[in-house]
Amino acid sequence: ISKHETKDSITGEDDIDLLETTPRVHSASGSPNRQSEKSLRSHCLSYVRYIAIPTSMRYDLAFALCCCKSFLGSDDVEGGDFYSLLEVDRDASGDEIKRAYKRQSLQMHPDKLAQKGKVVTEEDQERFTRMKEAYEILSDPHKRETYDAIGERGMKWLDEPFSIDPQELAHNFAKSSALDRSKIFGIFVAIAVAVFLLPILICLHVDGIFGPKASWFAVLTPLWIWDAFILFYHSRVIMMGPINRPEHIPVEEWVDPLPMKKRVFSLVRFILIIVFEVFATLRLDDITGWTWSVVFIPLYIWEATTLYKKFPLARMRIVTVEDLETALGKPFAEFSQAEKELISKRYSVVPSTNSPEFEAAQKIKTRARQDMVKSGFRIIFVLLLVAEVDFNMDWSWWL
């Protein structure tokens with residue numbers, strides 16, 4: 001192993017060298033013991049990958065492990081872990097996982113069981129469904145890395161935060177190690193300091209505690225640190241590139257859940273907030289003589305981008321497949337690709353009014369309308385504030 005520790009085992013080239021140099025394991029009779037040999041090689045490969053993978057672990061996973069490990073507990077899920085369901089090693093390649101899925105499907109698919117004359121039970125159905133779920137997770141490199149880091153229970157909590165049982169969290173936290181509990185305590189202390197430090201510094205500066213020469217740029221140091229962290233996060237999201245298509249999803253059905261256009265748009269919106277903060281600080285320090293109406297220009301643009309993003313969702317038209325078939329006079333399967341693209345631009349298509357998709361679309365539409373109302377109130381507030389400070393309207397601050 002030591003000969004390979006300084007090499008890049010992730011490329012796979014050293015894996016081959018290691019397999020060739022791994023000694024064969026023999027049984028008591030002197031013949032090669034294939035099972036023991038396979039186990040030894042698997043452990044060797046796992047060790048080499050172990051010393052290489054942590055250096056490339058995603059930052060979000062490292063943060064989740066640091067913050068949430070004490071709450072996750074053990075990942076003993078009924079039905080076995082995903083690797084055991086597919087009967088592959090944890091260091092199996094994508095092709096090995098794909099072949100294992102096909103092999104297991106031939107053995108576990110309800111139709112195959114029925115052809116063999118076996119009565120298909122509900123347990124068989126659940127076992128096949130769970131095996132298929134295991135393949136969907138392990139065939140996607142992004143999901144697989146998440147699963148390897150936080151397990152199935154952790155992934156479920158990330159996807160459905162409200163499914164978390166508070167009693168289970170408390171139980172896992174109580175059983176966790178002192179180190180993990182100390183991390184959580186340290187994180188809560190850091191958050192409390194970050195939340196309360198900035199307003200405390202602002203109040204002290206306004207009261208003149210720091211003296212007449214203190215600048216707002218120095219007082220707002222915690223804010224600049226916070227902005228730097230968020231800016232780093234946005235840059236990392238853009239630099240990670242397009243999300244790879246999972247093998248089980250056809251090319252024509254794959255849609256990047258986080259397109260580059262959306263990532264850049266989010267970055268631009270955050271930069272507008274930073275520009276406003278810098279303008280306001282320059283104005284408070286009397287470095288510039290701009291009026292407050294000019295200082296708030298980045299905020300006006302930010303609110304305009306909010307309306308631009310929410311307006312199409314707020315006026316989204318939700319139609320069912322039946323409505324489209326009635327309007328065009330033919331089954332949905334016979335729609336041309338051009339017709340489907342035109343429909344997708346103008347409508348949100350759902351199977352029926354009783355489907356979960358319809359409920360989800362309605363929630364998105366309602367939330368967008370609420371966000372537009374909130375944005376409208378913020379705009380009115382800013383306009384009144386600017387009128388008071390720039391033009392001395394002599395209005396009551398309660399107004």
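Points to keep in mind about this one:
- Distance from segment 296-314 to segment 350-399 (C-alpha centre basis), Å: 10 Å
- In sequence order, calculated HN-Hα J values of segment 305-319 (Karplus, 6.51, -1.76, 1.60; Hz; x Gly/Pro): 5, 5, 5, 4, 6, 8, 4, x, 6, 5, 9, 4, 9, 9, 10
- For segment 329-373: span of alpha carbons on each principal axis (Å, largest first): 39, 22, 14
- Rounded FRET efficiency, nearest 0.05, which uses the C-beta distance separating Leu258 from Val294 and R0 of 35 Å: 0.50
- Packing rank of 296-306, 229-239, where each peptide gets the mean count of other beta carbons within 10 Å, highest leading: 296-306, 229-239
- With contacts taken as Cα pairs under 8 Å at a separation of at least 6 residues, segment 259-399 carries a relative contact order of 26 percent.
- Net charge over other residues, Cβ less than 14 angstrom from the Cβ of Phe296 (K, R count +1; D, E count -1): -2
- Shape class for segment 160-243: oblate, because the ratio a/c of the largest to smallest gyration tensor axis (alpha-carbon atoms, square roots of eigenvalues) is 1.5 or more and b/c is at least a/b.
- Count Lys and Arg as plus one, Asp and Glu as minus one, and take only other residues whose Cβ is under 12 Å from that of Leu106; the net charge is then +4.
- Taking 17 Å as the cut-off, the amide N atoms of segment 175-215 that come nearer than this to a point 7 Å along the Cα-to-beta-carbon line of Leu284 belong to 194-215.
- In segment 122-215, the portion of solvent-accessible area held by carbon and sulfur atoms comes to 63 percent [1.4 Å probe, whole percent, DNA, RNA and ligands not counted].
- Tensor-based shape of segment 149-306 (alpha-carbon gyration tensor, a/c under 1.5 rounded, otherwise prolate or oblate): oblate
- Coarse-grained scattering of segment 243-331 at q = 0.18, 0.23, 0.24 Å⁻¹, given as base-10 log I(q)/I(0) from a Debye sum over alpha-carbon atoms: -0.95, -1.09, -1.11
- Take the Cα of Lys175, step 7 Å toward its Cβ, do the same at Leu399, and the gap between the two points is 6.3 nm.
- Taking 0.36 nm per residue of separation and subtracting the current Cα-Cα distance, fully stretching the chain between Arg130 and Leu307 would add 59.5 nm.
- Phi angles of segment 188-204 translate, via the Karplus equation with coefficients 6.51, -1.76, 1.60 and θ = phi - 60°, into HN-Hα couplings of 5, 5, 5, 5, 4, 5, 5, 6, 8, 5, 4, x, 5, 4, 5, 4, 5 Hz per residue; Gly and Pro are given as x.
The values are calculated or read from the model by the stated rules, or taken from the named source; none is laboratory data. What you are looking at is a predicted structure, and each value in this text was computed from that prediction instead of being measured. FYI the Cβ positions are ideal-geometry reconstructions off the backbone, even for glycines, and counts take in every protein chain you see. Quick note on the areas: whole protein, heavy atoms, side chains included, nothing else; ligands and nucleic acids left out. Shrake-Rupley method; radii C 1.70, N 1.55, O 1.52, S 1.80 Å.
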